[in-house]
1. Enumerate the amide H contacts of residue 129 below 5 Å, restricted to partners 5 or more residues apart or on another chain; note that Pro and chain-start residues carry no placed amide H.
2. With a point put 7 Å past each Cα toward its Cβ, work out how far residue 95 is from residue 192 in nm, to one decimal.
3. If you place +1 on the Cβ of every Lys and Arg and -1 on the Cβ of every Asp and Glu, how big does the dipole about the Cα centre of the chain come out, in debye to the nearest 20?
4. Short version: ³J(HN,Hα) in whole Hz for each residue of the range 143-157, in order, from phi by Karplus 6.51 cos²θ - 1.76 cosθ + 1.60 (θ = phi - 60°), x for Gly and Pro, what are they?
5. Before rounding to the nearest 500, sum -39500 (n - 2.57) across all DSSP H runs of length at least 4 in the chain and divide by the residue total; then give [θ] at 222 nm in deg cm²/dmol.
6. Ignoring ligands, DNA and RNA, please state the percent of accessible area on the chain from carbon and sulfur, probe 1.4 Å.
7. If you take the square roots of the eigenvalues of the alpha-carbon gyration tensor of the range 1-137 and sort them as a ≥ b ≥ c, do you get rounded (a/c under 1.5), prolate (a/b over b/c) or oblate?
8. Rounded to the nearest 0.05, what FRET efficiency do residue 158 and residue 105 give with R0 = 25 Å and r taken as the Cβ-Cβ distance? Could you check?
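The values are calculated or read from the model by the stated rules, or taken from the named source; none is laboratory data. All figures in this text were calculated on a predicted structure; none of them were measured in a lab. Here the Cβ positions follow ideal geometry from the backbone for every residue, glycine too, while neighbour counts run over all protein chains shown. These accessible areas exclude ligands, DNA and RNA; they are computed on the full protein's heavy atoms, side chains included. Shrake-Rupley method; radii C 1.70, N 1.55, O 1.52, S 1.80 Å.
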Amino acid sequence: MSLPGSNSARHVAIIMDGNGRWAKRRHLPRAEGHRRGVEAVRRIARAAREMGLEALTLYAFSTENWRRSEDEIAALMGLMKRFILSDLDEFVANNVRLRIIGDYKAFPADITKLIDNALARTAGNDGTTLAVALNYGAQDEIARAAAKAAAQGAVTVEAIEAELDTAGMPPLDLLIRTSGEQRLSNFLLWQAAYAELWFTDVLWPDFKPEHLAEALASFGTRERRYGGR
Ligand code: FPP
């Protein structure tokens with residue numbers, strides 16, 4: 001176990017919150033907040049790679065987000081599509097491996113096709129893993145994993161863990177939430193068991209690599225005991 005002050009994070013996850021409030025403060029449509037949110041995704045994915053993180057997991061669309069207006073859902077889908085089309089070559093060139101957690105097959109066929117192509121094109125990469133949570137809910141993930149473990153005859157911690165959407169990724173070290181809210185909102189509930197939490201009032205479209213660096217510096221000073229002493 002690392003000594004206090006010397007921890008370096010391998011896997012960071014972010015609840016990217018506050019796009020709507022960012023837009024509202026500027027009297028702009030919510031979709032504009034999401035568009036600026038994608039720019040933050042791009043910046044932070046680059047920074048995570050440059051800072052040497054093994055994995056970055058981003059909460060892009062929850063199982064609850066289907067309750068938003070049709071217009072907002074369509075705007076988010078359009079942004080995701082454009083993001084894959086514009087950024088996939090950069091991921092391929094930079095050895096980034098894309099991964100999806102959640103049941104993305106519920107998305108429209110044109111998007112699932114783009115995602116499948118992006119997954120296939122980056123499958124051989126062994127640099128930073130960028131995991132995007134789409135139609136993701138942690139309770140749903142745990143229930144699916146437990147059902148698979150049961151079908152194999154052993155509902156143990158290890159058997160469930162092996163069936164989670166994040167199986168094979170490094171343990172989650174640090175979970176960040178932007179925009180001042182301090183809750184997990186059904187994100188990575190299992191994986192957060194021993195993760196450190198870091199909250200900031202910064203709204204997601206304003207989130208910069210220096211904020212990520214600040215969170216990582218805070219993580220570096222924490223003493224992790226995993227229930228021991
Ligand atoms: C939370 O802000 C943000 C979301 C629900 C969506 C996050 C999506 C993106 C940043 C863009 C798409 C992502 C990728 C990977 C291309 P909110 O709308 O809940 O903000 P509010 O709480 O201020 O209303």
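1. HN-HN under 5 Å from residue 129: 55, 56, 97.
2. 3.2 nm
3. For this selection, approximately 380 debye.
4. 5, 4, 5, 5, 5, 5, 4, 4, 4, 8, x, 9, 8, 10, 4
5. After summing the helix terms and dividing by the residues of the chain, the value is -14000 deg cm²/dmol.
6. Carbon-and-sulfur percentage of accessible area, whole number: 50.
7. The shape class here is oblate.
8. After rounding to 0.05, the efficiency reads 0.40.
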